[in-house]
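The values are calculated or read from the model by the stated rules, or taken from the named source; none is laboratory data. Just so you know, these numbers come straight off a predicted model, no measurement behind them. Here the Cβ positions follow ideal geometry from the backbone for every residue, glycine too, while neighbour counts run over all protein chains shown.
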Amino acid sequence: MKVITIEKKTFDEMSEKFERFVNRVEEICQRCGDKGMGEWLDNQDVCRMLNISPRTLQTLRDNGTLAYSRINYKIYYKPQDVRRILPVVEERRKEAGFKNRTI
């Protein structure tokens, strides 16, 4: 174990700066409000909302259509991102319907 000696004045200055830093971080957190995981959606939620299969959801992630975040091997989506791509999914569904019809 190493012991480091510093002057009391230096220690007090460091403590004061650290306290200001902590207060600033707390202010920012309060201003931003609760950004907890309650606002995020998981794969099952998104599949249900968009009425798509997990494989289609994977394709949307792979081609960059839908933004996502991975936390501890689990994937989450912001609700506003899912709402943004809803028209895209509907349009692709219509296109697929026309392709499957024979005349």
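On the basis of being surrounded by 10 or more Cβ atoms within 10 Å (Cβ to Cβ) and in contact (Cβ under 8 Å) with a residue 40 or more places away in the chain, does VAL82 make the cut? When the stated conditions are applied, VAL82 passes them.
Conditions (1) modelled with pLDDT under 90; (2) of a type in the set (D, E, K, R), marked per residue:
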residue	(1), (2)
LEU57	no, no
LEU60	no, no
ASN63	no, no
ALA67	no, no
LYS74	no, yes
GLN80	no, no
VAL88	yes, no
GLU91	yes, yes
ALA96	yes, no
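Among the helices (runs of 4 or more DSSP H) confined to region 1-77, the ones with at least 2 residues that are over 16 Å from the mean Cα position of the chain (by Cα) and within 24 Å of GLU91 (Cβ to Cβ) are located at 43-50, 54-62. In the condition set (1) modelled with pLDDT of 90 or more; (2) in contact with a Pro (Cβ under 8 Å, 6 or more places away or on another chain), GLU39 is compliant with all but (1).
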